[in-house]
Amino acid sequence: MNPAAAHTSQLFAMMTLSVLPVVLLSLHVVRVDSVAMTFESRDPITGSPVSCDRCPPGTYLRSQCSSERKSDCANCPHGSFTEVWNHIGRCLRCGVCSHNQVVKTPCTADTDCQCQCKPGYYYKTQYDMCLPHSACPPGQGVRAKGTPDEDTVCQTCSDGTFSEVSSAHHNCTEHKSCSGAGLQLALRGSSWHDNVCANCADLKDGADYLREILPAFFVHHNINIKRLRRIVHKLPSQDGKRQGRNTELNSSELHQRLNAWIASATAEEIRKLPSVLTNAGASGAGERLDQKLKRVDSQLKTECRGNEVEMVDVPK
């Protein structure tokens with residue numbers, strides 16, 4: 001054999017060896033698929049072994065094959081399905097979504113229904129259930145809203161912004177500009193409350209400006225419900241009467257009653273509020289509220305010099 005022929009023969013042999021595994025693999029796949037498309041049974045009359053065709057997805061085996069006839073497949077009735085080639089005698093019943101879930105894609109003859117958490121909920125793998133989206137507390141805003149698969153992502157409000165509510169939707173908002181509205185700053189905003197502005201030409205008692213942040217103050221400090229009940233019970237009133245019985249009220253109802261009092265309270269009554277908090281066992285919150293009030297009074301004296309109003313004298 002001449003060198004050229006020998007080289008050609010060697011090259012052909014190498015190509016054959018490289019292609020052979022692919023050919024064998026292809027034959028294997030065909031053989032596996034062929035087996036998967038059939039199942040072994042026995043002729044119902046003769047008892048002889050027969051190889052029957054499986055039924056395609058969306059159908060079921062109404063009657064199996066024999067030596068003389070093929071498998072008889074029928075469509076799945078409404079409300080049932082099969083997802084794979086099969087030889088079962090009845091389609092599977094469509095699934096039902098669990099508590100706090102809704103249908104994402106409906107059940108069809110060849111696919112079961114797909115469920116997802118309903119709006120306002122997300123799937124918690126650890127508990128295998130849908131939980132409500134977390135609410136970002138005052139001082140934090142929503143960086144990413146919750147989805148059916150992910151919980152809410154919160155972020156602390158940056159300088160110059162605030163959030164005064166507990167919400168799964170609300171983002172941080174910029175503090176309003178007092179000077180831009182021709183007003184003076186009575187209390188600088190924080191991460192959980194807005195700037196409080198004052199009109200020096202129509203000045204009010206410092207307690208009236210503090211009133212603006214009080215609803216957010218009680219939400220932000222998250223006072224436990226027992227102390228909150230004591231606080232509401234001890235709220236001062238013009239007639240000297242205590243608030244009514246509140247042992248049956250939940251946190252939301254207590255805040256509603258508290259906010260109603262805040263809206264109607266006099267400046268004198270609001271100035272008593274730090275002492276009410278302290279006497280109810282919330283001394284830390286009482287001190288912080290008292291500091292806020294002193295800051296307002298000091299700021300008004302500085303910004304509105306000459307227009308000061310006589311502060312209400314609160315009995316010790």
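Taking strands (runs of 3 or more DSSP E) as the structural unit, those lying wholly within region 38-94 and holding at least 1 residues that are among the hydroxyl-bearing types (Ser, Thr, Tyr) and either in contact with a Gly (Cβ under 8 Å, 6 or more places away or on another chain) or on the phi > 0 side of the Ramachandran plot (or both) correspond to 59-63.
Specify the residue that is modelled with the highest pLDDT; the eligible residues are those in region 92-134 that are of a type in the set (Ser, Thr, Tyr) and exposed (fewer than 14 other Cβ atoms within 10 Å of the Cβ). Here the residue is 105.
Set side by side, the residues 247, 278 differ, and just one is closer than 17 Å to residue 229 by Cβ, among the β-branched types (Val, Ile, Thr) and outside any helix (DSSP H, G or I), which is 247.
Applying a threshold of 8 Å to beta carbon distances and a minimum spacing of six or more residues, or different chains, the list of pairs starting in region 98-120 at a residue that is within 24 Å of residue 58 (Cβ to Cβ) and ending at one that is assigned to a strand (DSSP E or B) and of a type in the set (Lys, Arg) reads 113/104; 114/104; 115/104; 116/104. Can you pull out the residues in region 194-216 that are among the hydrophobic types (A, V, I, L, M, F, W, C) and assigned to a helix (DSSP H, G or I)? If the condition is that a residue be among the hydrophobic types (A, V, I, L, M, F, W, C) and assigned to a helix (DSSP H, G or I), then 200, 201, 207, 210, 213, 214, 216 are the ones that fit. Restricting attention to region 139-164, which residues are over 16 Å from the mean Cα position of the chain (by Cα) and surrounded by 13 or more Cβ atoms within 10 Å (Cβ to Cβ)? Matches in region 139-164: 139, 156, 157, 161, 162, 163, 164. Scanning region 171-193 for residues that are at pLDDT below 95 and either part of a strand (DSSP E or B) or of a type outside the set (S, T, N, Q) (or both) yields a total of 3.
Are any of the residues in region 145-158 under 20 Å from residue 263 (Cβ atoms) and free of Cβ contacts under 8 Å to residues at least 12 places away in the same chain? So far as region 145-158 goes, no, none of its residues is under 20 Å from residue 263 (Cβ atoms) and free of Cβ contacts under 8 Å to residues at least 12 places away in the same chain.
The values are calculated or read from the model by the stated rules, or taken from the named source; none is laboratory data. For clarity, every value in this text was computed on a predicted model and none was experimentally measured. All Cβ positions, even for glycine, are placed from backbone atoms using ideal geometry, and neighbour counts span all protein chains on display.
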